[in-house]
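Novice: Below is one structure. I have some questions about it.
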Amino acid sequence: MAATDWRRYLADFHRDNPGAVQEVLERARSGDHNPYDWLARAVPPSAHRVLDLACGGGAMVRRLASPGRTVVGLDLSAEELDVARRRAPGSYVRADGVRLPFADGSLDAVTSVLGLLVVQPLDEAVREITRVLRPGGALAVIAPSIWLMSPKELADVTRLTRVLRTRPQFPNPVERTGVKALLALLRLHRVEDKREVYFYTVDDREDAERLVRALYLPRSPAERREIAVEHLVHRVAKQGQVRIAVGMRRVVAMK
Ligand SMILES: C[S@@+](CC[C@H](N)C(=O)[O-])C[C@H]1O[C@@H](n2cnc3c(N)ncnc32)[C@H](O)[C@@H]1O
């Protein structure tokens, strides 16, 4: 099978589905919070100049806003940035994550929700983040994680990926190898590495469509997505509600 042309896939996906990822993650709950709230808590209040890398529809920019702080959202997709400007007033820049338009050492913190899974090449993105952070500055990122999920939660996710005939894919490595490689590249001090499981609840067809729309499935034809939606709708009809576990990992490192 031919390798995925990720640059083209991501450009097309985010042109056609801007805001789709955040619509799912905003609704993914662990107790009283979603992954954006969780990441925002890791950013020190003293961070005045903050970049959210691969900001998508601006969910994180909105969370980070606070008096005296300048938050910039950066993304390559014009359509995602349009959504962000509508939903989360702030400062935005269209740029590639491997060429950050900021001076050396000019930022107190860089955040990213899933961004390090998509910006390629990863080592260049990491070099850029390290360059723009000031000494003592913080990088706080969220990446997916399957650890901590119970066998039942994993089985529920697997039922869905079986119908799709593939797991969601990302251009850069996920989990252990990804984060390990990242930290080695970063030469930053890891100060935290935590995991939490969130739940996205499917009550009706709209919830099912929203979930399936947000997945990167370069090897799954459109009809498989439709079958996956029907599968979820059928499960809801049978059991009342479907809760899909979304495992997340939060890594915080200091320069
Ligand atoms: C999985 S989405 C996450 C978006 C956002 N952080 C959120 O949580 O909704 C990945 C984002 O990375 C952006 N992206 C992909 N390649 C990029 C690159 N080379 N530089 C900057 N952004 C990029 C996409 O346009 C998309 O908005």
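Novice: Report every pair of residues separated by at least 6 positions or lying on different chains whose Cβ atoms are under 8 Å apart, first residue within region 107-123 and open to solvent by less than 20 Å² (accessible area, probe 1.4 Å), second within 12 Å of the ligand (Cβ to nearest atom) and of a type in the set (K, R).
Specialist: none
Novice: Also, I was wondering about something else. State which residue is farthest from E23 (Cα to Cα) when the search covers only region 128-147 and only residues that are modelled with pLDDT under 90, outside any strand (DSSP E or B) and open to solvent by 10 Å² or more (accessible area, probe 1.4 Å).
Specialist: Per the criteria, the residue is W147.
Novice: Ok, one more. Filtering region 14-42 down to residues that are more than 12 Å from the ligand (Cβ to nearest atom) and among the acidic types (D, E), which residue is least open to solvent (accessible area, probe 1.4 Å)?
Specialist: D37
Novice: Just one of the numbered conditions (1) open to solvent by 10 Å² or more (accessible area, probe 1.4 Å); (2) more than 10 Å from the ligand (Cβ to nearest atom); (3) at pLDDT 95 or above is not true of V98; which one?
Specialist: (2)
Novice: Within region 211-248, how many residues are open to solvent by 30 Å² or more (accessible area, probe 1.4 Å) and without any contact (Cβ under 8 Å) to a residue 40 or more places away in the chain?
Specialist: Total meeting the criteria: 11.
Novice: Just the residues that are in contact with a helix residue (DSSP H, G or I) (Cβ under 6 Å, 6 or more places away or on another chain) and open to solvent by 30 Å² or more (accessible area, probe 1.4 Å), please, taken from region 186-210.
Specialist: Answer for region 186-210, where residues must be in contact with a helix residue (DSSP H, G or I) (Cβ under 6 Å, 6 or more places away or on another chain) and open to solvent by 30 Å² or more (accessible area, probe 1.4 Å): R190, R205, E209.
Novice: So which residues in region 43-91 are buried (at least 19 other Cβ atoms within 10 Å of the Cβ) and more than 16 Å from the ligand (Cβ to nearest atom), if there are any at all?
Specialist: Hit for region 43-91 is A47, nothing else.
Novice: Kindly provide the set of residues from region 196-255 that are assigned to a strand (DSSP E or B) and acidic (D, E), ordered by number.
Specialist: E196 - this is the single residue of region 196-255 that is assigned to a strand (DSSP E or B) and acidic (D, E).
Novice: Let me ask another. S150 - would you say it is open to solvent by 20 Å² or more (accessible area, probe 1.4 Å), modelled with pLDDT of 95 or more and away from the ligand (no atom under 15 Å from the Cβ)?
Specialist: It is false that S150 is open to solvent by 20 Å² or more (accessible area, probe 1.4 Å), modelled with pLDDT of 95 or more and away from the ligand (no atom under 15 Å from the Cβ).
Novice: In region 38-95, what count of residues is obtained for those that are out of contact with any Lys or Arg (no Cβ under 8 Å at 6 or more places or on another chain), of a type in the set (D, E, K, R) and without any contact (Cβ under 8 Å) to a residue 60 or more places away in the chain?
Specialist: Adding up the residues that qualify gives 5.
The values are calculated or read from the model by the stated rules, or taken from the named source; none is laboratory data. As the structure is a prediction and not an experimental result, all values here were calculated from the model. Cβ coordinates were reconstructed from backbone atoms using ideal geometry, including for glycine residues, and neighbour counts include every protein chain displayed. Keep in mind that these areas ignore ligands, DNA and RNA; they rest on the heavy atoms of the full protein, side chains included. Shrake-Rupley method; radii C 1.70, N 1.55, O 1.52, S 1.80 Å.
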